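This report concerns only the one structure given below.
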Amino acid sequence: MSKISAKKQQLLDEFEARTDSWSYTNFERALKGLTGGSYQAAKMLIVEADDDGRWPKTVKRYILTNYASFNSSPMELKKISNRLLSSMTEQERREFGIDIEK
């Protein structure tokens with residue numbers, strides 16, 4: 001059973017269903033509007049969502065858009081980021097704007 005609150009699950013469901021090119025900042029703003037949570041709360045929610053395994057597109061887009069912005073991942077997301085980056089093709093990396101030379 002997930003420890004994620006119903007409100008946060010609803011937010012994750014909404015982002016999982018999105019088909020636009022949203023980024024981690026959109027997710028953080030939506031979470032802040034819903035719960036008042038900060039970017040730290042968003043990162044922790046993404047970790048919980050990954051652990052739960054129910055929102056793979058949301059987790060991937062959040063992490064990869066964050067990585068593309070900073071050319072690295074914060075410590076809290078490093079394990080998930082490494083897993084995602086190692087499984088990406090060069091084309092996927094280009095689509096997310098991730099430097100494929102590194």
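Derivation of every value follows stated rules applied to the coordinates shown; laboratory data play no part. Just so we're clear, the structure is a prediction, and the values are computed from it rather than from any experiment. Don't worry about glycine lacking a Cβ; one is built from the backbone with ideal geometry, like all the others, and counts go over all protein chains shown.
Which of the lysines could be linked to residue 79 by a straight reach, that is with a Cα gap under 24 Å, when you skip same-chain ones fewer than 8 residues away?
Correct list for residue 79: 3, 8, 43, 57, 60, 102.
Bins of 10 Å, beginning at zero and ending with the bin holding the largest distance: percent of Cα pairs per bin for the chain, please.
Going out from 0 Å in 10 Å bins, the chain shows 15, 51, 29, 5, 0 percent.
Using Cα atoms only, what is the angle between the long axis of helix 6-17 and the major principal axis of the chain, expressed in degrees (0 to 90) to the nearest 10?
Around 40 degrees separate the two axes.
So between residue 21 and residue 78, what do we pick up on full extension, going 0.36 nm a residue minus the alpha carbon distance?
Net length gain for the segment: 18.3 nm.
Place a point 7 Å from the Cα of residue 54 along the Cα-to-Cβ direction; which residues of segment 7-22 have their backbone N under 19 Å from it?
Correct set: 7-18.
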